[in-house]
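Asker: Got a structure here, written out as structure tokens. Questions coming.
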There are 4 protein chains.
Amino acid sequence: MKKVNLAIIGIGRIGIIHLKNIIRNFPGANVLAVADVNFSKDDFTKEYPGIIFSANAEEIISLPAVEAVIICTPTSSHAELIEKAIQYGKHIFCEKPVDLSLERTALLVKKVAAAGLKLMLGFNRRFDPDFMEANKNIRSGRIGELQVVKITSRDPGLPPLDYIKHSGGLFMDMAIHDFDMARYMMGKEVVEVYAKGLVLVDEKVGEAGDIDTALTTLVFEDGTYAVIDNSRKAVYGYDQRIEVFGSNGMIQVKNNLHNSNVVFDSDGIHQALPLDFFMDRYACSYLNEMKYFIDALLTNAALPVSGADGLMATYIAVAAKKSMIEKRPVLISEIML
Amino acid sequence: MKKVNLAIIGIGRIGIIHLKNIIRNFPGANVLAVADVNFSKDDFTKEYPGIIFSANAEEIISLPAVEAVIICTPTSSHAELIEKAIQYGKHIFCEKPVDLSLERTALLVKKVAAAGLKLMLGFNRRFDPDFMEANKNIRSGRIGELQVVKITSRDPGLPPLDYIKHSGGLFMDMAIHDFDMARYMMGKEVVEVYAKGLVLVDEKVGEAGDIDTALTTLVFEDGTYAVIDNSRKAVYGYDQRIEVFGSNGMIQVKNNLHNSNVVFDSDGIHQALPLDFFMDRYACSYLNEMKYFIDALLTNAALPVSGADGLMATYIAVAAKKSMIEKRPVLISEIML
Amino acid sequence: MKKVNLAIIGIGRIGIIHLKNIIRNFPGANVLAVADVNFSKDDFTKEYPGIIFSANAEEIISLPAVEAVIICTPTSSHAELIEKAIQYGKHIFCEKPVDLSLERTALLVKKVAAAGLKLMLGFNRRFDPDFMEANKNIRSGRIGELQVVKITSRDPGLPPLDYIKHSGGLFMDMAIHDFDMARYMMGKEVVEVYAKGLVLVDEKVGEAGDIDTALTTLVFEDGTYAVIDNSRKAVYGYDQRIEVFGSNGMIQVKNNLHNSNVVFDSDGIHQALPLDFFMDRYACSYLNEMKYFIDALLTNAALPVSGADGLMATYIAVAAKKSMIEKRPVLISEIML
Amino acid sequence: MKKVNLAIIGIGRIGIIHLKNIIRNFPGANVLAVADVNFSKDDFTKEYPGIIFSANAEEIISLPAVEAVIICTPTSSHAELIEKAIQYGKHIFCEKPVDLSLERTALLVKKVAAAGLKLMLGFNRRFDPDFMEANKNIRSGRIGELQVVKITSRDPGLPPLDYIKHSGGLFMDMAIHDFDMARYMMGKEVVEVYAKGLVLVDEKVGEAGDIDTALTTLVFEDGTYAVIDNSRKAVYGYDQRIEVFGSNGMIQVKNNLHNSNVVFDSDGIHQALPLDFFMDRYACSYLNEMKYFIDALLTNAALPVSGADGLMATYIAVAAKKSMIEKRPVLISEIML
């Protein structure tokens, strides 16, 4: 059986998940090498004896046997690592976003394509079983012509302020997942964006130059729309719901709760909260996205989320920020490069 | 338009509901007269100027224009009033049970039939819109051959001890509704009863010679069964649920909640409790049962719940008590008169 | 006991509901007179023998004993009837909207106030038990500082095209309920409106000069917002849901379903659809709103929905339409008179 | 870090799950050896190169380095393998039941205890996260004094008839899980059993000497009870629900559905069915039970499910069958050895 040789660059929270998922679940893939600047080589090698380790990413990316690299480092290093991958002719899986700069994102996507390489963006939510099921039903025509998609996407709590400062802002860091989800569910392109944003959770977010609450309207090419409701803090857990309305019906994707218990007492009927940590809520989607990436490498199939998808989501994020600042609807064509 | 002339005997909690329901909703019926020993004639006549009132039930029952009587007095007087109604040739609607004595119940049912009169028992739950919908679906074959019905029937709290003492006991007073419901849902006759009962809510119930918690299994003629779970006290409200299992599926009737609000906070997801008072929970069923009674009078149609149904439920209640005492399954044929 | 004498002008669908509700439920009110141009006096008097009837509204409004008029005629006649009520010094309950013209609405509201009369607008949804419960919880601080309200308001089907042509358009006719609901839930004033609208249900709506699908964002004075999703046609019934998000939690108001049955079969788990007719869904709210109106008349209490509320909702509706046409956010101050 | 050396005997459906779960998830355990009569040594060794393999169970059980054996072979071989484990002084994890013979089960449980060895029975449902959460809440006093537990346990479809013939019958093979669950939830001992059973799913089950539908009532030492509803075939999936009623409330454990999608169309509101395969439904519980077993081995802690628990469940199963045949309640003391 053919195995594809992979290298993982960055084994923080997400990188380690991908590492473990590949080792445990995909006999068609082999993690040949790993690079990370924070891990000790000894510690890593003790736990993963068969895997080459280096603090130097290029050393790993350049290994001839490596066929694809999985980039899980902080956003600021994505561009450089993608450049290296292109240089050494490796396919790429990169956590979102490609880069905070739209120009650089567009350039990299173009370069990857020109080099005939595959680039998959880590829009993991597309691979969540519940959202996939909704998408499958929608694509099958179950609810007819699509009219509106409404996305509720509320984090369980603020990330560290230091993270926020380097995040590129709520639209680029957080809502970008929802922008991609809106495109995924509707199967149409966004042409106009209108966004409102404000600071309701913590003044320090404002002092850090960001917002923590936002509402974004996306208009698709045929006039139908998406509305996305974001907050950095839902005290009741991680609120990740979608409703898609069509001419023949509506599909709702509900939250995943901690458990299925219902407690009845003299005060009311009580259920457990939604899963409140993204790595729990989306555990399956991290696994599935890697499965799709590996399958695409093995079979030379098309990627389910391409660099072009990452670029479109970035366009929307940039347009949303511009709309919020200029207090007007912004056309994607205004900012398209 | 023909109107049927009715008399109501007893205008306590239930009688007054029937009185108001008829006045407000049924142009085909006319409440001609009312009898009650606790109400002042002046007070009544002030509020209902067109209705004849008497403290003497026979005076009212014997009025030639009265075509049917609605008996809403305490159980102990039912038998005598039914006798009077038979004597004067009036159709009868009687709150359950006909009588605490099985013999007298059987005799009265026979006499009414012999007199060619209609007798409807107040098994109001058969007229609850949710249960009617389930029944309609079941009769239509929606879930195939019926296998099992499970009834959860838990009161929100203990009735006064004095009430319990004269109630005939949990099986005759409370579970009798569920025995009738089991027959209604399954559309089959019960042949065997096995019941357990105990005192878990309040020792005083035991001192009063009754139980407050019971589990009853009814076996139908074809071997399929019903299981009925009763308690006099559910702290979370009035728990009135049914599940019917068939070869092609299952139908669940859920509780009716106080409202449709769902509150999410850092402690959990919270909903309102079930309606906790039987007159709220079954408001529609009281209205509907009277509609069916009046329609049957106007069109000479068959009654949806007959005296025979009341008798069958009484047989089951007697068998349940016997089973509990003798700690063995009891056949209906053992006690049938 | 004091009784307030009322006159109802117009006994179409809504007027007849108010008439019956008052007769059956409010001993403190007396429907003295009714006016309607479509009903025959004979027919009416036969059914309601004690009530004065005329085809001439002024004849009824001018009756000295009438203390308040309930206006349930088509919108085009509201203004004239309100003028008459003012002329004769009667309090007013008027179905929404006051008038399609903002100027006339503002003028009438001012005139009513100047005359020291009460004017209540028929925003019945404020009186729905589920929405009232949510509002009560919100006002009590249950979910902390309010951040966002999201309203889903989708009709079960298109009204007749002829109705649409004279309706004032989706924002003035349909969404106006939701604009009022947003203010009711948030307890804040709207300062800015951004709306998108399009024709997705039926081209004929577009030919009639209206839209059938719309998304409206309302910004409140403190920057928080409402988002309202309207459609003239939800094939799955009447979709009337609200979610209010606060710093300490979220409150959801769910749809009212036809029944509480859940059917499980080999294809899935199935529930009944939401109530699909507004007069069923809001049966309680029509009753409650009249209770509040009558109570206010009897006790001289403040009205729960005033003419000023009707005017604010009209401002929002006008701003929404302007925003849709000019493709930009519109400030309420731009159109305020 | 100390590792415990395990051997797995039998790697059919369940054995392979335990093998994979241990390898992937428990650094504190080492699968040293595996025995199976159906697997080829070459195939096994190719996939699991580091693990000793033999077709001879004794060869594996007797390996000095093996500290505990996990028995996943068909029931008929359990007794002999447990004897071997005792002979070689190994701790034991055994899939339920220990044996179809009550006498042999009792003897083995006694022998294991006498040898100072640990024996855990594979009542995996105790380790399901939803049931564990309910149990935790119950033990904490969340619903007060326990009164009644109701278990719905319906398989998605008939097993092969050949399996049924050697299964020991519905009570011993299927309901035994529920008997254990009832004890787990109530934390009390069963003293009396009353069971009804019949053939409703397929006549061939009856011809094979078994039933496919059963209702069992268990009475606990304090008179409270459990009612268990079993069917071999629920067309709507695997129905695994529990309700526990106490003096202060009720806890419901609902089914796990295939996904969280809700589809609204003109026919109704539709949800996905419950997970229909026990290895999907209880995937987590298989993992958790092994975690508890390994932890107990590593720390010498008490086992969460002991051989004595297995014996009690067997007593109940035997009593249930006797009750069904003799058509009367059977005391556990009647059959206790």
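Asker: Classify the range A:183-337 as rounded, prolate or oblate, taking a ≥ b ≥ c as the square roots of the eigenvalues of its Cα gyration tensor: rounded when a/c is under 1.5, otherwise prolate if a/b is larger than b/c and oblate if not.
Answerer: Details: a/c = 1.70, a/b = 1.18, b/c = 1.44.
Oblate.
Asker: Can you give the FRET efficiency for B:LEU331 and C:GLU83, using 1/(1 + (r/R0)^6), R0 = 60 Å, r = Cβ-Cβ distance, to the nearest 0.05? Could you put the intermediate results ahead of the total?
Answerer: Details: r = 79 Å, r/R0 = 1.32.
My answer for the efficiency is 0.15.
Asker: Right, something else. List the residues of the range B:265-291 for which accessible area in the full set of protein chains is at least 30 Å² lower than for the chain on its own; 1.4 Å probe, protein heavy atoms only.
Answerer: By number: B:ASP265, B:SER266, B:ILE269, B:HIS270, B:GLN271, B:LEU273.
Asker: Quick check: pseudo-label points 7 Å beyond the Cα along Cα→Cβ at B:CYS284 and B:SER40, how many nm apart are they?
Answerer: Going from the B:CYS284 label point to the B:SER40 one covers 3.9 nm.
Asker: Something else: Could you tell me which residue in chain A puts its beta carbon nearest the axis mapping A onto B, with the distance rounded to whole Å?
Answerer: A:HIS270, 3
Asker: Taking the 0 to 90 degree range and rounding to the nearest ten, how far is the long axis of helix B:129-139 tilted relative to the main principal axis of chain B, both from C-alpha atoms?
Answerer: 70
Asker: Continuing with this model, one more query. In nanometres, what is the gap between the two model label sites at D:ASN56 and C:GLU58, each 7 Å from Cα along Cα-to-Cβ?
Answerer: Going from the D:ASN56 label point to the C:GLU58 one covers 11.5 nm.
Asker: Of the beta bridges DSSP finds with both residues in chain D, what % are antiparallel, to the nearest 5? Write down the numbers at each step before the final one.
Answerer: Values: 36 of 63 bridges.
If I count the DSSP bridges inside chain D, around 55 percent turn out antiparallel.
Asker: Tell me, what ³J(HN,Hα) does each residue in the range D:28-38 have, in order and in whole Hz, if you take phi through Karplus 6.51 cos²θ - 1.76 cosθ + 1.60 with θ = phi - 60° and put x for Gly and Pro?
Answerer: For the range D:28-38, the Karplus curve yields x, 10, 9, 7, 7, 8, 9, 10, 7, 8, 9 Hz.
Asker: Can you tell me what percent of all Cα-Cα pairs in the range A:4-117 are more than 21 Å apart?
Answerer: 32
Asker: Now a separate question. Using a 1.4 Å probe and counting only protein heavy atoms, arrange A:CYS72, A:CYS284, D:CYS94 so the residue with the most accessible area comes first.
Answerer: From most accessible down to least: A:CYS284, A:CYS72, D:CYS94.
Asker: While we're on this one: Send over a whole-number figure in Å² for the accessible area per residue of chain A, probe 1.4 Å.
Answerer: In whole numbers, chain A has 37 Å² accessible per residue.
Asker: Using alpha carbon centroids, what distance separates the range D:215-234 and the range B:227-269, in Å?
Answerer: 20
Asker: Using a simple spin-label model with points 7 Å from Cα along the Cα→Cβ vector, what separation in nm is obtained for A:LYS204 and C:SER76?
Answerer: Simple spin-label model gives 6.3 nm for this pair.
Asker: Follow-up question, since we're still on this one. Please work out whether the protein assembly as shown counts as rounded, prolate or oblate from its C-alpha gyration tensor, where a ≥ b ≥ c are the square roots of the eigenvalues and a/c under 1.5 means rounded, while otherwise a/b larger than b/c means prolate and anything else oblate?
Answerer: Because a/c hits 1.5 or more and a/b fails to exceed b/c, the protein assembly as shown counts as oblate.
Asker: Ok, one more. Determine the alpha carbon to alpha carbon distance for each of B:LYS196/D:LYS196; D:LYS150/D:LYS188; C:LYS84/C:LYS118; C:LYS188/C:LYS291 and list only those over 21 Å.
Answerer: Going by Cα-Cα distance, C:LYS188/C:LYS291 fall outside the 21 Å limit.
Asker: Under 5 Å between amide hydrogens, which residues at least 5 positions from D:ILE70 or on another chain qualify, with H placed 1.01 Å from N in the peptide plane?
Answerer: D:ALA7, D:ILE8, D:ILE9, D:PHE93
Asker: Among bridges DSSP assigns within the protein assembly as shown, what percent are antiparallel (round to 5)?
Answerer: Of all bridge pairs located within the protein assembly as shown, approximately 60 percent are antiparallel.
Asker: Local charge sum around C:LEU198 (other residues, Cβ-Cβ under 10 Å, Lys/Arg +1, Asp/Glu -1)?
Answerer: Here the charged neighbours net out to -1.
Asker: Amide H to amide H, which residues 5 or more places from B:VAL4 or on other chains are under 5 Å from it, using H placed in the peptide plane?
Answerer: Residues meeting the amide H criterion: B:ALA29, B:ASN30.
Asker: I'd like the mean, over residues of D:223-230, of how many other protein chain beta carbons sit within 10 Å of each residue's own Cβ. Show your work: numbers first, answer last.
Answerer: Working: counts 6, 5, 6, 1, 7, 1, 7, 1.
Across the residues of D:223-230, the mean count of other-chain Cβ atoms within 10 Å is 4.
Asker: Can you classify the range B:75-166 as rounded, prolate or oblate using the Cα gyration tensor, where a ≥ b ≥ c are the square roots of its eigenvalues, rounded means a/c under 1.5, and otherwise it's prolate if a/b beats b/c and oblate if not?
Answerer: oblate
Asker: Around B:ASN25, what is the net charge, scoring Lys/Arg as +1 and Asp/Glu as -1 over all other residues with Cβ under 13 Å from its Cβ?
Answerer: +3
Asker: Just how much of A:PHE171 is accessible, in Å², when a 1.4 Å probe is used and the result is rounded to the nearest 10?
Answerer: 10
Asker: Something else about it: Under 13 Å from the Cα of A:LYS254, which aspartates and glutamates turn up, not counting those fewer than eight places away in the same chain?
Answerer: Here the aspartates and glutamates satisfying the reach criterion relative to A:LYS254 are A:ASP128, A:ASP130, A:GLU133, A:ASP239, A:GLU243.
Asker: Assume the label is 7 Å from Cα along Cα to beta carbon: what separations in nm does A:ALA55 have to the matching positions in the other copies?
Answerer: Going from nearest to farthest copy, the values are 5.5, 9.8, 10.3 nm.
Asker: If D:ARG13, C:ARG24 are ordered by their accessible area, calculated over protein heavy atoms with a 1.4 Å probe, which sequence runs from highest to lowest?
Answerer: Descending order: D:ARG13, C:ARG24.
Asker: At a probe of 1.4 Å, how much accessible area disappears from chains B and D on forming the pair, both sides counted, to the nearest 100 Å²? Walk me through the numbers before you get to the answer.
Answerer: Details: alone 15420 and 15440 Å², together 28140 Å².
Chains B and D together bury approximately 2700 Å².
Asker: Taking every residue in D:22-29, how many Cβ atoms of other protein chains lie within 10 Å of its Cβ, on average?
Answerer: Neighbouring Cβ atoms belonging to other protein chains average 1 per residue here.
Asker: Carbon and sulfur together cover what percent of the accessible area of the protein assembly as shown at a 1.4 Å probe radius? Provide the component values of the computation, followed by the final result.
Answerer: Details: 26650 of 50230 Å².
C and S fraction of accessible area: 53 percent.
Asker: Quick one: helix B:102-114 against the long Cα principal axis of chain B, what's the angle to the nearest 10°, folded into 0 to 90?
Answerer: So the inclination is approximately 50 degrees.
Asker: Further, regarding this structure: Taking the Cβ of C:LEU108 as the center, what net charge do the other residues with Cβ under 15 Å away carry, scoring Lys and Arg +1 and Asp and Glu -1?
Answerer: On the way: positive: C:LYS84, C:LYS90, C:LYS96, C:ARG104, C:LYS110, C:LYS111, C:LYS118; negative: C:GLU80, C:GLU83, C:GLU95, C:ASP99, C:GLU103, C:ASP309.
Around C:LEU108, the charge tally is +1.
Asker: Also: Just how far, in whole angstrom, is the range B:175-199 from the range B:73-152 if you go by their alpha carbon centroids?
Answerer: 14
Asker: Additional query: Quick one: which residues, 5 or more positions from D:ASN259 or on another chain, have an amide H under 5 Å from its amide H? H modelled 1.01 Å from N in the peptide plane, none for Pro or chain starts.
Answerer: Under 5 Å from the amide H of D:ASN259 lie the amide H atoms of D:ALA272, each far enough along the sequence or on another chain.
Asker: Quick one: helix D:307-326 against the long Cα principal axis of chain D, what's the angle to the nearest 10°, folded into 0 to 90?
Answerer: So the inclination is approximately 40 degrees.
Asker: Contact order normalised by length for chain C, with contacts defined as Cα pairs under 8 Å and 6 or more residues apart; what percent is it?
Answerer: Once normalised by length, the contact order is 19 percent.
Asker: From the backbone phi of the range D:11-17, what are the Karplus-calculated ³J(HN,Hα) couplings (6.51 cos²θ - 1.76 cosθ + 1.60, θ = phi - 60°) in whole Hz, Gly and Pro given as x?
Answerer: Using θ = phi - 60°, the values come out as 10, x, 3, 7, x, 5, 4 Hz.
Asker: Okay, moving on. When the dipole is taken about the Cα centre of the range B:4-117, and only Lys, Arg (+1) and Asp, Glu (-1) are charged at their Cβ, what size is it in debye, to the nearest 20?
Answerer: Values: 11 positive and 12 negative charges, 61 e Å.
For the range B:4-117, the charge dipole is close to 300 debye.
The values are calculated or read from the model by the stated rules, or taken from the named source; none is laboratory data. Model, not experiment: these values are computed from the prediction. Glycine also receives a Cβ, built like all others from the backbone with ideal geometry; neighbour counts cover every protein chain displayed. When the accessible area is computed, the model is the full protein with side chains, heavy atoms only, and any ligands, DNA or RNA have been set aside. Shrake-Rupley method; radii C 1.70, N 1.55, O 1.52, S 1.80 Å.
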